[in-house]
Amino acid sequence: MTLPETIGSESELEDLLSEPTDEDVATVARLEPDILILGAGGKMGPSLARRVRRAAERAGNRSRVWRHSRAATMSTRSACRHGRRTRRPGESQA
């Protein structure tokens, strides 16, 4: 992959980070049935999940790509970053 001299936008950066290599495609082609990405809400998780999904599409792999994160919502992620604890639905107050 040839990298551009400059990256003009966040969208362009995301496209570069999530572009699968030939090795990614070959690896994902061998995986079955589904693929689970843990920590998908972290710093690298969204780009990694998109990269795996794109590799699966190119490989013709019909596996679903599942993402999981402890921080299930934006408000939960925000609370985690600021040291606050939020309750999950159905969880009793401690």
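The values are calculated or read from the model by the stated rules, or taken from the named source; none is laboratory data. A quick note: this is a predicted structure, and the numbers were derived from the prediction, not measured. Glycine gets a Cβ as well: all are built from the backbone with ideal geometry, and neighbour counts include every protein chain shown.
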- Message: If Arg62 meets every condition in (1) farther than 23 Å from Glu10 by Cα; (2) in contact with a strand residue (DSSP E or B) (Cβ under 9 Å, 6 or more places away or on another chain); (3) of a type outside the set (A, V, I, L, M) apart from one, which number is that one?
- Response: (2)
- Message: With the requirement that a residue be hydroxyl-bearing (Ser, Thr, Tyr) and within 12 Å of the chain's Cα centre (by Cα), what does the range 1-50 give you?
- Response: Ser18, Ser47
- Residue hits (the range 8-41; assigned to a loop (DSSP other than H, G, I, E, B) and surrounded by fewer than 14 Cβ atoms within 10 Å (Cβ to Cβ)) are Gly8, Ser9, Thr21, Arg30, Glu32, Pro33, Asp34
- Could you please find all residues in the range 42-68 being touching a Leu at 6+ places or on another chain (Cβ under 7 Å) and outside any helix (DSSP H, G or I)? Asn61, Ser63, Trp66, His68
- Task: Search the range 45-84 for residues being farther than 20 Å from Asp22 by Cα and touching a helix residue (DSSP H, G or I) at 6+ places or on another chain (Cβ under 7 Å), and hand back the single one that is modelled with the lowest pLDDT.
- Result: Ala71
- Starting from the range 26-45, take each residue that is free of Cβ contacts under 8 Å to residues at least 40 places away in the same chain and farther than 17 Å from Ala59 by Cα and list its partners that are of a type in the set (S, T, N, Q) and assigned to a loop (DSSP other than H, G, I, E, B), counting only C-beta distances under 6 angstrom and pairs at least six apart or across chains. Ala40/Ser69; Gly41/Ser69
